[in-house]
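Reviewing the structure listed below.
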Amino acid sequence: MLDGEQYRESLEDGRVLFFEGSRVPDLAKHPLLGRAVDTVAEGYDHWYRPGTEAGNPLLNVSTSKADLQAMLPLFEEADGLLNLTYQTIMCLLTASSRIGDTDAPYPARMAAYVRDLQVNDLRSALCITDAKGDRSLPPLRQEDPDAYLRVVDRRPDGVVIRGAKLHITAGPLAHEFLVMPTKAMKPGEEDYAICCAVPISAPGVSVVCRTSAPRADDTRDFPVSRDGVLPEGFVIFDDVFVPNDRIFLDGEVEHAAVFAHSLGLWERLKALTFMADEADVLVGLAQLIAEANGLAKVPHIREKVNDMILYATLVRSGLLAAVSSSKITPEGLAVPDECFTNAAKFYGAANFAVMVRHLHDIAGGSVVTAPSMADFDNPETGPLVEKYMATGNGVTGRYRTALMHAIRDLTADTWGGHNAVIQLQAGGGLHAQRLVTRKHYDLAAAKQRALQRTRLTATATA
């Protein structure tokens, strides 16, 4: 296993990174991106155990419902990049099971790559979304054929790929990229049906970075986003060579969508875990600020908090149902129930904005207008700010202001806006979850129950 210092040293691999128009010469020392390096390094230290047999528990493969259930608290404990690496592993193993072609070299290559991640304690980011160009057109009809990542050359020892992948969470921090088709491909689109693993330091790879981390010197006003915000990567593959042993699909259009669908399941399970935790935080903040404002017993405030409690309970119920109803593949892999996972993720994402609206309505305008915490330190303003932000009954102005900043940072500032979009888009948008839920819902059984309950026959409904 690697410790935090070894992780920092591993970043000195020649990776090509850019941030706001400038090259990043030293990721760990960058004033904004370096904070995320600290978070991942702390995660390495947290999980580190000495010895050649030691391994990170979140890189293990779940083989039972109990194993998968035990992973849930680890998701919350782990940093985001470690979670993405777990998703990489589970995506590949799930895809391998679904492809099921033992004559092809891909299953053995995927298993070997998973083992490499586990043994060397590496971190992987997931590259799925293409630039797409005109979204109404398929790859072959794009004005620029590179709008979807593709193979531009095939050699006896591997392939050369060209294109870009967008929205790559933690991309600048990873050792590896798992690259896959963003959607199903058709005959004639074989060059776009490529799944492979690429080191971030491979020649031709560059990453344009952005971050929602706060830029203020005093981070007390940003209690949520000051730690743990992962940067996003706009990853460019400019004629990158990939050797055969790192190619998991090449030209088999019938399997192109398998990787995206497999990843979607594990992304949505993780997103659902995050949503369940976030929902409890929203409820807690709503109740705390209602009490601080002296409004906790007002009927319409209580009603909004009750709505938020229902939301939090239903999201977590969906998560637990997805795991407790998991299936075991023929290869012995525990996979969460697709219908429950997608339905719960849809519900959580579709109603998140309403929960935030309730929180803002309960808290009031001070969410975005409260004085900074530094104003309490100023002898000229501090006593007056404390006087007028306090509400009595032991609620100090400093405490109430800190609550307002927590709510703003989580829901109404740079990170809050980022998070609002992520809640919708993580693991694919609402339409994707609706489609997958319908696909796995037992509609035939529902029709049969309806016929039995109403004493109708199938011929009578024709």
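Table for the structure above
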item: Only one of Thr273, Thr341, Thr329 that is crowded, with 23+ Cβ neighbours inside 10 Å, touching a residue at least 40 places away in the same chain (Cβ under 8 Å) and at negative phi; result: Thr341
item: Matching residues in the stretch 164-205 - criterion: being surrounded by fewer than 17 Cβ atoms within 10 Å (Cβ to Cβ) and under 19 Å from Asn244 (Cβ atoms); result: Glu190, Pro203, Gly204
item: Single match in Pro181, Pro187 (criterion: closer than 27 Å to Val16 by Cα and assigned to a loop (DSSP other than H, G, I, E, B)); result: Pro181
item: Selection from the stretch 65-84 of residues that are without any contact (Cβ under 8 Å) to a residue 40 or more places away in the chain and crowded, with 18+ Cβ neighbours inside 10 Å; result: Met71, Ala78
item: Residue list for the stretch 100-155, restricted to those being in contact with a strand residue (DSSP E or B) (Cβ under 8 Å, 6 or more places away or on another chain), part of a loop (DSSP other than H, G, I, E, B) and touching a residue at least 40 places away in the same chain (Cβ under 8 Å); result: Leu122, Arg123, Ile128, Tyr148, Leu149
item: Contacts under 6 angstrom Cβ, first residue in the stretch 1-28 being outside any helix (DSSP H, G or I) and open to solvent by 70 Å² or more (accessible area, probe 1.4 Å), partner modelled with pLDDT of 95 or more and among the acidic types (Asp, Glu), 6 or more apart; result: none
item: Top-ranked residue of the stretch 251-270 - restricted to ones that are open to solvent by 40 Å² or more (accessible area, probe 1.4 Å) and out of contact with any Leu (no Cβ under 9 Å at 6 or more places or on another chain), ranked as farthest from Val367 (Cα to Cα); result: Glu252
item: Residues (more than 24 Å from Ile328 (Cβ to Cβ) and part of a loop (DSSP other than H, G, I, E, B)) located in the stretch 46-77; result: Tyr48, Arg49, Pro50, Gly51, Thr52, Glu53, Ala54
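Here is a yes/no grid of residues against (1) more than 27 Å from Val114 (Cβ to Cβ); (2) in a helix (DSSP H, G or I):
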{"residue": "Arg226", "(1), (2)": "yes, no"}
{"residue": "Gly233", "(1), (2)": "no, no"}
{"residue": "Leu249", "(1), (2)": "no, no"}
{"residue": "Ala260", "(1), (2)": "no, yes"}
{"residue": "Leu265", "(1), (2)": "no, yes"}
{"residue": "Ala286", "(1), (2)": "yes, yes"}
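Each row is one residue, and each column tells you yes or no for (1) polar (S, T, N, Q); (2) at pLDDT below 95; (3) under 30 Å from Ala193 (Cα atoms); (4) open to solvent by 50 Å² or more (accessible area, probe 1.4 Å).
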{"position": "His30", "(1), (2), (3), (4)": "no, no, no, no"}
{"position": "Val37", "(1), (2), (3), (4)": "no, no, no, no"}
{"position": "Ala41", "(1), (2), (3), (4)": "no, no, no, no"}
{"position": "Asn60", "(1), (2), (3), (4)": "yes, yes, yes, yes"}
{"position": "Pro105", "(1), (2), (3), (4)": "no, yes, yes, yes"}
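The values are calculated or read from the model by the stated rules, or taken from the named source; none is laboratory data. Since this is a predicted model, take the numbers as computed values, not measurements. Cβ sites come from the backbone with ideal geometry, for glycine too, and all protein chains shown count toward neighbours. Quick note on the areas: whole protein, heavy atoms, side chains included, nothing else; ligands and nucleic acids left out. Shrake-Rupley method; radii C 1.70, N 1.55, O 1.52, S 1.80 Å.
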